[in-house]
Amino acid sequence: MAMAMAPTSSNLLFPLFLSLLLLLFTSPTFSFSTTNDHNQDFFKSSALKFPKTQAQMFIKGLNLFPKHDVNIAAAHDQSTDSAAPIIVEKRLELPYLGDSGASVQDLGHHAGYYRLPHTKDARMFYFFFESRNSKNDPVVIWLTGGPGCSSELALFYENGPFQIANNLSLVWNNFGWDKISNLIYVDQPIGTGFSYSSDDDDIRHNEDGVSNDLYDFMQAFFKEHPQYAKNDFYITGESYAGHYIPAFAARVHQGNKNKEGIYVNLKGFAIGNGLTDPEIQYKAYTDYALDMKLITQSDHDDMKSLVSRCELAIKLCGTDGEVSCMAAYSVCNAIFNNILKISGNINYYDIRKQCEADLCYDFGKLENLLNEKSVRDALGVGDIEFVSCSSTVYQAMITDWMRNLEVGIPTLLEDGIKLLVYAGEYDLICNWLGNSRWVHAMEWSGQKDFVAASTIPFTLDGADAGLAKSHGPLTFLKVHNAGHMVPMDQPKASLEMLKRWIQDKSPFAAVENDLSPM
């Protein structure tokens with residue numbers, strides 16, 4: 001059962017937050033234009049609403065209506081808990097329609113709970129799908145963003161082994177990433193999906209907590225499945241996972257260097273339409289919106305002062321701010337909200353589409369499926385409710401939002417760990433332009449050569465599926481005809497992208513000259 005959350009430090013610091021926010025918006029250095037209605041409307045806009053309200057808007061836009069804001073469950077019996085196994089895993093037996101390309105009996109599909117050691121009482125839920133091709137294929141973990149959205153969204157709508165039919169049966173996905181990898185989906189941070197705790201102190205607020213939980217999970221996973229421990233390992237995900245992924249990769253790398261446990265054969269990490277360097281990416285919003293004709297030049301000019309405020313607010317947030325980071329969230333998201341106000345019912349995940357009223361995507365079948373008793377029994381989740389997206393987890397991570405996670409990436413690149421940053425060209429919320437800019441601005445030994453490298457086509461079936469730039473361990477790919485969720489919009493291209501990247505094959509046809517700026 002869910003229970004009310006105790007007041008967070010963010011709630012207690014709210015008066016200070018308002019004071020700083022007012023300072024940012026009344027500073028003569030960053031004064032509003034008196035003729036700018038969009039700026040004058042700021043305090044009436046959703047940018048000043050609690051982050052939880054913003055989260056609920058995004059969740060509703062996906063046709064998701066979780067019964068609870070977060071998964072807080074009854075406490076376990078501590079007297080017997082220490083003797084219980086740290087991982088409890090079930091082999092899945094669900095009815096699938098169609099041909100998987102392999103015998104269903106031969107495929108290992110698992111669901112389980114991991115008891116997190118550095119928590120009061122947290123359990124992390126996961127799916128594990130053995131490769132349809134070979135158990136020697138790389139182990140790939142997928143992290144969905146939000147923050148606070150379940151990775152089951154990607155499992156059933158993007159790159160998992162199967163998808164949900166209208167009658168809630170499962171049909172095989174011909175382009176599931178399990179065709180070339182041993183694939184893991186994790187519900188995290190705690191409180192998301194089927195992951196839960198009895199103690200709200202286990203709700204995470206920063207990347208230290210998130211990355212340590214994930215590192216602990218992988219250690220336990222490879223102990224439970226030692227036959228996969230020596231396989232290549234890749235970390236993937238999208239959206240707010242642009243924060244999770246670099247932090248998790250750095251934590252794995254640190255654990256390997258310090259010989260903390262089982263060596264994890266980390267080869268690379270991939271960020272899809274992610275939020276990684278907010279200062280650069282938020283500044284790109286108005287440029288992208290202007291390029292895509294969502295706003296006019298006059299609108300763009302009117303929002304320049306707001307962009308300047310955002311830049312200042314993020315600098316004040318820094319690496320350890322709290323109140324300042326809350327203020328930065330509100331100030332910077334005013335840019336995004338103003339663009340939406342101007343552009344109308346545009347689908348901010350795919351600007352080629354419109355949202356109908358509040359509905360931008362219909363992922364409602366996910367909740368219907370995972371709340372069926374037969375499915376819940378097969379998963380072994382007991383009475384735990386499925387929280388598709390948690391507004392409480394979203395709000396808990398609010399001081400983490402404006403942190404720059406790019407800072408830890410150069411060390412990984414220097415040590416030969418590959419990075420793929422890819423982005424669908426029609427996504428507004430984590431657009432390709434902002435992602436391209438932070439990748440190009442990143443300081444590492446190969447930066448000059450990366451910037452000078454040619455932009456070349458990513459071809460599939462004789463047609464251009466995207467534009468890419470690579471040097472050494474770093475690749476950036478702009479994916480054609482895709483929005484925020486590239487594996488959903490371009491499933492074949494995304495599978496081919498992953499395949500060529502992990503197999504160290506050039507995913508791009510060689511050309512002599514630069515074809516397009518990135």
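The values are calculated or read from the model by the stated rules, or taken from the named source; none is laboratory data. Just so you know, these numbers come straight off a predicted model, no measurement behind them. Positions of Cβ are generated from backbone atoms using ideal geometry, with glycine treated the same way; all protein chains shown enter the neighbour counts. Only protein heavy atoms, including side chains, enter the accessible area calculation; ligands, DNA and RNA are left aside. Shrake-Rupley method; radii C 1.70, N 1.55, O 1.52, S 1.80 Å.
Round to the nearest 0.05 the FRET efficiency obtained for Ser198 and Tyr263 when R0 = 41 Å and r is the Cβ-Cβ distance.
Efficiency, rounded to the nearest 0.05: 0.75.
Quick one: Karplus J couplings for segment 475-484, per residue in order, coefficients 6.51, -1.76, 1.60, θ = phi - 60°, nearest Hz, x for Gly and Pro?
9, 10, 10, 9, 9, 6, 6, 9, x, 5
Less than 13 Å apart at the alpha-carbon level, and either on another chain or at least 8 residues along: which aspartates and glutamates does that give for Lys365?
Leaving aside aspartates and glutamates fewer than 8 places away in the same chain, those within reach of Lys365 are Glu152.
With every protein chain kept in place and ligands, DNA and RNA left out, what is the accessible area per residue of segment 404-486? Probe 1.4 Å, answer in Å².
Value returned for segment 404-486: 32 Å² of accessible area per residue.
If amide hydrogens are placed 1.01 Å from N in the peptide plane, which non-local residues have theirs closer than 5 Å to the one on Glu238?
Leu143, Gly145, Gly272
Tell me the label-point distance for the pair Gln503, Lys223, using the 7 Å Cα-to-Cβ offset, in nm and rounded to one decimal.
3.6 nm
Tell me, what is the Rg over Rh of segment 331-399, with Rh the Kirkwood radius over Cα pairs?
1.12
What do you get for Rg/Rh of segment 164-224 when both radii come from the Cα atoms and Rh is the Kirkwood radius?
1.09
With viscosity set to 0.692 mPa s at 37 °C, what whole-number translational diffusion coefficient in µm²/s follows for segment 379-518 from Stokes-Einstein and a Kirkwood radius over Cα pairs?
So the translational diffusion coefficient is about 194 µm²/s.
Between their Cα atoms, which of Lys304/Lys448; Lys179/Lys267; Lys257/Lys418; Lys353/Lys478; Lys267/Lys492; Lys67/Lys315 are more than 27 Å away from each other?
Lys304/Lys448; Lys67/Lys315
If you project the alpha carbons of segment 361-400 onto the principal axes, what extent comes out on each, in Å, largest first?
39, 26, 11
Relative to the present Cα-Cα distance, how much length would full extension add between Lys52 and Leu168 at 0.36 nm per residue of separation?
38.7 nm
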